[in-house]
Amino acid sequence: MDTLPILSLLTFLPLVGALFILSIRGDADVVARNARHVALWTSMINFVLSLFIWVHFDTKTANFQFVEYALWMPDFNISYKMGVDGISMLFVLLTTLLTPLCVLASWENIQTRVKEYMISFLVLETFMIGMFCALDLVVFYIFFEAVLIPMFIIIGVWGGPRRVYASFKLFLYTLLGSVLMLLAILAMYADAGTTDIPNLLVHRFPPELQTWLWLAFFASFAVKIPMWPVHTWLPDAHVEAPTAGSVVLAAVLLKFGGYGFLRFSLPMFPDASVMFTPLIFTLSIIAVIYTSLVALAQEDMKKLIAYSSVAHMGFVTIGAFTLTVQGIEGAIYQMLSHGIVSAALFLIVGVVYDRIHSREITAYGGLVHQMPKYSLIFMLFMLASVGLPGTAGFIGEFLILVGAFKVNPWVAALAATGLILGAAYMLYLYRRVIFGAMTKENLAAIGDLNMREIAIFAPLVILVIWMGIYPGPFLDIMHVSVENLLTNINTALDAGAPGAAIATAAGK
Amino acid sequence: MADIPNIVPALPELFLGLSILALLMFGVFHKTGTAALDAKTARLVSFLSVITLLLALLLAFTLSGPRLLTFENMFISDTFAVYCKVLVLIGSAFAIVLSQGFIERHNMARFEYPILIVFATLGMMLMISANDLIALYIGLEMQSLSLYVIAAYQRDDTRSTEAGLKYFVLGAVASGMLLYGSSLIYGFTGTTNFDLLAEHFHSLHGEANIGVIFGIVFILAGLAFKVSAVPFHMWTPDVYEGAPTPVTAFFAVAPKIAALALFIRVMIGPFGDLVADWQQIVVFISIASMILGAFAAINQRNIKRMMAYSSIGHVGYALIGLATGTEAGVKGMLIYLAIYLVMNVGAFACILCMRRGDTMVENISDLSGLGKTHPMMALGMGIFMFSMAGIPPLAGFFGKLYIFMAAINSGLYGLAIIGVLASVVGAFYYIRIVQVVYFEEPDEVLNKPISLDLALVMTATGLAVTFFFVYPKPVLDAAASAAKALFAG
């Protein structure tokens, strides 16, 4: 197990697939068909490989596992280092699971430039997995920002009518945040003399420097996650992106921010994190309530789900900054469940969009008469998004609220209103799309889910119920790492003077 | 001192000089008078010029050892010089390769063209190896005069002649300032030799006479003109736009690298102890160039003009390295120059492919739909643009990484923050090209297939830019030892 570079294999296998697709020549139809198959098989194999990590993952240690190390730029003390722990491992699995589903979801609705499309997705998968596995800050940054290139192309080429605006907004917003993070990374390097993440996790940065570093990282992660008020790129990007693009964006890219907070901001800048917790709580609560209200008023299905994502991510940031075991585990769990639920919801919108070519809610109504299977699946994920007990959404939100209540009951109470509003906009959406009389003529002949679509939804359905009923295996994976994270933060805080306040607050 | 100076350190230059004379003779005697045969001669001379440059490259490599001085200490050869010469020679060789098709189509195929480029290259090498203000000036003028002529080489074209004339007049002013600054320095210190100047200022512990400061400011102004840094950048867009496209490609790489190398050598060498006096000027030039390069490029329709502003911006980034005044900064700058060279050669190879029928097209909108009509060229263009925007994992990112690393290490936080913010603004116009190439529908199709030599240049540079991250060590090591040589003495 130590000899096989499994993480590098996982990361770069999709790239190999992409190069393979690049070399396909011939008739346009043949190229398209081969590209689809190569992409599907590559991502499937990658998924199976990633299961290997799960099987061999040791849940009893908080250390990084499957670590790989290679000299890269020895002069600068920067090396290529990969590894996963309980925080990052599940995100790798989420990525490898969703990529084949994205390829399948694009099987028929992408008919132009199929070759380039599949290449973009495989390259994107490489960058996403690399981002979660990187154990060197520079390597992390490279993957983190490189994601922009395929995402920009995917939205810009295969997107909707305002795709140029949306792709530019996505690109420039995220770039602006990331470059500040780059400077922070360099400042950390100047202070610590290394970019090795495990070393940096135990390095104590001076409190004043922490503040600046925290703010720079915040600029990047807040845009990525996204937090109010820098969330405005997200609805645009989601609306214009092709279905699979929205899926990846919501399910994986948004998690970069949450992962970043957990991996860097909290453990590396604990003093600053404590200092800025009120800011995070305020922004998150505004996000939860405000974007839920905005979602209520949306006429576009994708936009509605996009705003609901912002609200759900607000929960994640609250959970992460409670600095309690429940809160942080809840945040991770919420990210995973949101990854599956929002992916499914975008796929659900994609199904009817492929048939009717409209995302307007008013263009639909009474679909239950023609599409019973579709309605059932829609209902399941709608309820999971609301956070109904028995679905994945419930566990995460519950844990976060427990964590928040320990720290500050007001935060918990205000965040909980988001749950009610969430139920309101999702049920309202569901009623308008699914129920009622079928009056629109173009809906009369709409077909129910076909086998391909059922195959896409099946794993997501299983997971969302599994994660809702039996969360044990998932929580076990993250538990030791999260506890270790908190122990480290608390030792760091105890060492410094300003930490005393939060220790009492957390113990309340 | 022996009667005959040691010529070994200057072997590449001597070889280049003698080759130029030989090629000139060959061209003159081979010339027949009929257009077709002349073109053939030109092609042959071009080919031989590239060979000459490559041989000079090999010769330069053999000198990458200790610091050697010759010609009454006016000429220096060290690893820094070798590194920069290698870049310049590669840039010039690429420029000749890129030019060949263009000059044949545009009735410019005369054998003097490649020879002028080699001549300019010789000037650049002398600049890089200058260890004396006089030697510096001679090298600079030798380069500049050749460049003025090449800019106006398309003599039937008013834009080209205008570009040449503009370049000449403004360049002469800049040279004058440089010379005036040199004379002030000489007047206040009594020497023009870099080593003696360095000793002189070192003995004063960085306290310089006000006259010397004036001299440095004048020299800085002259050099800023040559590297087209703000506020001495005004000539750049006009000259880039007006000059024949392959000449623009040449201008964007080799002379710029040589001038920046000279900039480093002068500032770090003789004036290294006065860093406190010139640092703020360089910081200002750097910030102004980055910001102007980023904002002014946004509204450009002509791709050559856009590349002009882009190069102004890049000079701004490179100067961050110099502004630190440290070895790490110079090292970052040298890495940046190497990457800049490759990116620009590639981008100009793409621009040179923009032809419709017999005419070159230069508007950004002419690239629309390239992704559909020329997938490989579009891929190349995309790679170069993302790389220039500094998006990882492409090479351009690493250039910026080392520069900013040096800036942060030296505590120049303000400069670094302005730098990254400008790079976001700059990213806008780079990705706008990607937008035009990939997101828009083609209207009029550009010529295809593209010529083989351009395709090869594009492929080579594209691969280098994309896969730089896999094995960056050779470039990093070379830059490290080059920067070290500069700070050893």
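The values are calculated or read from the model by the stated rules, or taken from the named source; none is laboratory data. All figures in this text were calculated on a predicted structure; none of them were measured in a lab. In this analysis, Cβ positions are derived from the backbone assuming ideal geometry, glycine residues included, and neighbour counts consider all displayed protein chains.
Here are a few things to note about the model shown:
- Qualifying residue in the range A:255-273 (condition: surrounded by fewer than 23 Cβ atoms within 10 Å (Cβ to Cβ), closer than 18 Å to residue A:422 by Cβ and touching a residue at least 12 places away in the same chain (Cβ under 8 Å)): no
- Qualifying residue in the range B:418-427 (condition: more than 9 Å from every other protein chain (Cβ to nearest Cβ), surrounded by fewer than 24 Cβ atoms within 10 Å (Cβ to Cβ) and under 29 Å from residue A:157 (Cβ atoms)): yes
- Filtered by the rule that a residue be in contact with an Asp or Glu (Cβ under 9 Å, 6 or more places away or on another chain), under 30 Å from residue B:182 (Cβ atoms) and either at pLDDT below 90 or not in a helix (DSSP H, G or I) (or both), the range B:106-152 gives B:131, B:132, B:152.
- Condition check for residue B:467: surrounded by fewer than 22 Cβ atoms within 10 Å (Cβ to Cβ) and within 23 Å of the chain's Cα centre (by Cα): yes
- Here residue B:406 fits the description: touching a helix residue (DSSP H, G or I) at 6+ places or on another chain (Cβ under 7 Å), surrounded by 24 or more Cβ atoms within 10 Å (Cβ to Cβ), at the interface with chain A (Cβ under 10 Å from one of its Cβ atoms) and more than 19 Å from residue B:388 (Cβ to Cβ).
- Unmet requirement for residue B:443, which otherwise passes all of (1) surrounded by fewer than 24 Cβ atoms within 10 Å (Cβ to Cβ); (2) within 28 Å of residue B:92 (Cβ to Cβ): (2)
- Any chance residue B:323 is in a helix (DSSP H, G or I), over 17 Å from the mean Cα position of the chain (by Cα) and surrounded by fewer than 24 Cβ atoms within 10 Å (Cβ to Cβ): no
- In the range B:360-379, the residues that are more than 13 Å from every other protein chain (Cβ to nearest Cβ) and in a helix (DSSP H, G or I): B:364, B:365, B:366, B:367, B:377
- Candidates B:411, B:390 - the one that is on the phi > 0 side of the Ramachandran plot, facing chain A (nearest Cβ under 10 Å) and within 23 Å of the chain's Cα centre (by Cα): B:390
- Residue check for residue A:487: among the hydroxyl-bearing types (Ser, Thr, Tyr) and under 21 Å from residue A:261 (Cα atoms): yes
So that you can scan it fast, the table gives a plain yes or no per residue for (1) surrounded by 22 or more Cβ atoms within 10 Å (Cβ to Cβ); (2) among the acidic types (Asp, Glu); (3) touching a residue at least 24 places away in the same chain (Cβ under 8 Å):
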{"position": "B:118", "(1), (2), (3)": "yes, no, yes"}
{"position": "B:121", "(1), (2), (3)": "yes, no, yes"}
{"position": "B:130", "(1), (2), (3)": "yes, no, yes"}
{"position": "B:133", "(1), (2), (3)": "yes, no, yes"}
{"position": "B:155", "(1), (2), (3)": "no, no, no"}
{"position": "B:166", "(1), (2), (3)": "no, no, yes"}
{"position": "B:172", "(1), (2), (3)": "no, no, no"}
{"position": "B:175", "(1), (2), (3)": "no, no, yes"}
{"position": "B:178", "(1), (2), (3)": "yes, no, yes"}
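- Residues that are over 21 Å from the mean Cα position of the chain (by Cα), touching a residue at least 12 places away in the same chain (Cβ under 8 Å) and under 23 Å from residue A:229 (Cα atoms), drawn from the range A:149-181: A:162, A:163, A:165, A:180
- Residue in the range A:71-97 that is nearest to residue A:244 (Cα to Cα), counting only those that are assigned to a strand (DSSP E or B) and either within 14 Å of chain B (Cβ to nearest Cβ) or acidic (Asp, Glu) (or both): A:80
- In the range B:140-152, the residues that are β-branched (Val, Ile, Thr) form Cβ pairs under 8 Å with partners that are surrounded by fewer than 23 Cβ atoms within 10 Å (Cβ to Cβ), at six or more places apart or across chains, as follows: B:149/B:116; B:150/B:116.
- Within the span defined as the range B:188-198, one or more residues are crowded, with 17+ Cβ neighbours inside 10 Å and part of a loop (DSSP other than H, G, I, E, B).
- Any hit, the range B:11-25, residues being at pLDDT 90 or above, small (Gly, Ala, Ser) and surrounded by fewer than 15 Cβ atoms within 10 Å (Cβ to Cβ): yes
- Meets criteria (within 10 Å of chain A (Cβ to nearest Cβ), touching a residue at least 12 places away in the same chain (Cβ under 8 Å) and on the phi < 0 side of the Ramachandran plot) for residue B:384: no
- Summed over the range B:1-25, residues that are assigned to a helix (DSSP H, G or I) and either touching a residue at least 60 places away in the same chain (Cβ under 8 Å) or touching an Asp or Glu at 6+ places or on another chain (Cβ under 8 Å) (or both) total 11.
- Where a residue in the range A:426-455 is among the basic types (Lys, Arg) and its partner, wherever it lies, is surrounded by 14 or more Cβ atoms within 10 Å (Cβ to Cβ), with Cβ under 6 Å and at least six apart: A:432/A:361
- Members of the range B:430-454 found to be within 26 Å of the chain's Cα centre (by Cα) and within 11 Å of chain A (Cβ to nearest Cβ), listed by number: B:430, B:431, B:432, B:434
- Restricting the range B:30-51 to residues that are among the hydrophobic types (A, V, I, L, M, F, W, C) and at pLDDT below 85, the residue that is nearest to residue B:108 (Cα to Cα): B:39
- Of all residues in the range A:48-61 being touching a residue at least 24 places away in the same chain (Cβ under 8 Å) and surrounded by fewer than 17 Cβ atoms within 10 Å (Cβ to Cβ), the one that is nearest to the other protein chains (Cβ to nearest Cβ): A:49
- Hits in the range B:377-394 (condition: among the aliphatic types (A, V, I, L, M) and under 9 Å from residue B:350 (Cα atoms)): B:377, B:378, B:381
- Residues located in the range A:47-98, provided they are touching a Gly at 6+ places or on another chain (Cβ under 7 Å) and aromatic (Phe, Trp, Tyr): A:64, A:66
Results for (1) surrounded by 24 or more Cβ atoms within 10 Å (Cβ to Cβ); (2) facing chain B (nearest Cβ under 10 Å), shown as yes or no for each residue.
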residue: A:124; (1), (2): yes, no
residue: A:139; (1), (2): yes, yes
residue: A:152; (1), (2): yes, yes
residue: A:161; (1), (2): no, no
residue: A:171; (1), (2): yes, yes
residue: A:179; (1), (2): yes, yes
